[in-house]
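This report refers to the structure that appears directly beneath it.
The values are calculated or read from the model by the stated rules, or taken from the named source; none is laboratory data. Note that this is a predicted model, so its numbers are computed, not measured. Please note: Cβ atoms are built from the backbone with ideal geometry, for glycine as well, and neighbour counts cover all protein chains shown. Heads up: the accessible areas ignore ligands, DNA and RNA and are worked out on the full protein's heavy atoms, side chains in. Shrake-Rupley method; radii C 1.70, N 1.55, O 1.52, S 1.80 Å.
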Amino acid sequence: MAMNASMEEFEALLNESLEMDTPDEGSVVKGKVIAIEAGQAIIDVGYKMEGRVDLKEFANPGEAPDLSVGDEVEVFLRSAENARGEAVISREMARREEAWDRLEKAYADDARVEGAIFGRVKGGFTVDLGGAVAFLPGSQVDVRPVRDAGPLMGLKQPFQILKMDRRRGNIVVSRRAILEESRAEQRAEVIGNLTEGQAVDGVVKNITEYGAFVDLGGVDGLLHVTDMAWRRVNHPSEILTIGETVKVQVIKINKDTQLQEDPWDLVAAKYPLESVHMGRVTNITDYGAFVELEPGVEGLVHVSEMSWTKKNVHPGKIVSTSQEVEVMVLEIDGAKRRVSLGLKQTMRNPWEVFAETHPEGTEVEGEVKNITEFGLFVGLDGDIDGMVHLSDLSWDERGEDAIQNYRKGDMVQAVVTEVDVEKERISLSVKALGGDKFAEAVGGTKRGSVITVQVTAIEEGGIEVEFEGMKSFIRRSDLSRDRADQRPERFSVGDKVDVRVTNVDSKTRRLGLSIKALEIAEEKEAVQQYGSSDSGASLGDILGAALKSGDDN
């Protein structure tokens, strides 16, 4: 019975060592604060892993962090283990993930979200949506251009999400959409108070070849050119100017159907979607350029539709006033009497051209245009950039270390690994130029294999070892089955040690190694080979027989 119990204990220990699962890197996990020291919180995230997070990540702007030992928190697991054997975790990234989950649900439900404008950027503003940062285009701040956005800064208010892309970290919101809903309610109220024959004051909002649209306080009325004066009027601009206040008489109100054919029906028929036309640039603003298609008919080329490659630049650097340009009709909104035009759509998408000429696996060369915390941006043919992620810089070094070897202006060679035309993203890999060193090193090594490694460094949390040129780390708890021998200092640099492979992770390119697992497996094998439930042999007898057999061989 004692023998059976020992075998079961050995087997349980071995299974626990080999089969313990760990959470996926790049996910949000729950942890518990076990200590606070030196401005950092030490958090136990389970799975025998601990990590450190700066206390400032738990504080709201202008407030002290509210955190105590024993608190349960959610953190983002960036890496299961660093050089010190600790998990790399982040509270700020967890908050960002939580915010994205909430915002994606609101976007799917077409629901409003609350946020606050906190900064200015080219072409608009930045909005804090409770952990995630969104872009508010200048054209989406209000129903009319806003000259002073100061009163709106820091004010909690609702926004509508127009677009979002989690992979690229982009969110575009609109305050204007919220205001237009309120404006629609106001229009209904104004129409209800108007009567035919009533004289009212209005402001000239827009002038076309057939008349002028007059704002009556939330409702636009059409003042036809034939009703402007008793004399013949060649063009409404001869009599009226935009912004002028005029007194007009309500001739007809038809709440169910329009009194006459809407002139915008003619515009829709003459300028179908995706048709290309020549036009003249009449005005340039921060958010785009107005192009006249014919006298009285103008469309807006939004800054985002001006160039495939020139992002965050003023429209005046792309086109000039009075310039003749070729544009494509993207949208006609008869209700709002707007034409949306595109300038870049008249030219081939450079990402499509690149995808055709540079399939995956093609080697390319380009200049390092920018270096960020997550990788390199490399200039490519067609005035576009490709990105080399930290994880694609080197097989041998951590991405954070490998990126230190590069400077802006350096020429680098890389392999094209992915071209996403829709997201305008090209992924490159520098390390792919030399083949997969990890696959070559581990070869046929599998989980449960016994291999010999060489000690390359002694650290407090364990030892660093090398196998076929690949570095691995054995944690203190895996240095021996006996707790008394779980001391890194009993090893020396250069020692060769037999270990058992507990995990082969091709994704993170790491070998999980354990001396403890090897000792447990050897003891289990010895029990099976030399002991039985009937022999009455002690564990010492069994191990002695195993050792003697080994000496004889």
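Numbers at a glance
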| read-out | value |
| --- | --- |
| All lysines inside 16 Å of LYS408 as judged from Cα atoms, apart from same-chain residues fewer than 8 positions distant | LYS369 |
| Distance between modelled label sites at GLU196 and ASP227, nm, 7 Å Cα→Cβ extension | 1.2 |
| Packing-based order for 508-514, 92-98, using average beta carbon neighbours within 10 Å, highest first | 508-514, 92-98 |
| Cross-link reach list, lysines versus LYS163, counting only Cα pairs under 24 Å and skipping chain neighbours closer than eight places | LYS105, LYS122, LYS310, LYS311, LYS336, LYS344, LYS423 |
| Relative packing of 415-425, 273-283, which averages over residues the other C-beta atoms within 10 Å, highest first | 415-425, 273-283 |
| Under 25 Å from LYS446, Cα to Cα: lysines that are on another chain or at least 8 residues apart | LYS48, LYS431, LYS437, LYS471, LYS496, LYS507, LYS516, LYS524 |
| Most to least packed among 102-110, 170-178, 482-490 [average Cβ atoms within 10 Å] | 170-178, 102-110, 482-490 |
| Spin-label model distance (nm) - LYS56 vs ASP148, 7 Å beyond Cα toward Cβ | 3.4 |
| Förster radius 56 Å - calculated FRET efficiency between GLU400 and GLU180 (Cβ-Cβ, nearest 0.05) | 0.75 |
| Estimated FRET transfer efficiency when R0 is 30 angstrom, pair GLU294-SER320 (beta carbons, to 0.05) | 0.90 |
| Accessible-area composition of region 386-430, carbon plus sulfur, in percent [1.4 Å probe] | 42 |
| Calculated FRET efficiency for the pair GLU459/LYS496, C-beta based, R₀ 22 Å, to 0.05 | 0.75 |
| Low-density loop positions, GluC sites (Glu not before Pro), region 128-217 - DSSP coil, at most 12 other Cβ in 10 Å | GLU196 |
| Accessible area per residue, Å², region 100-244 with all protein chains present, probe 1.4 Å | 57 |
| Nitroxide proxy distance, nm - points 7 Å out along Cα→Cβ at ARG348 and GLU418 | 2.5 |
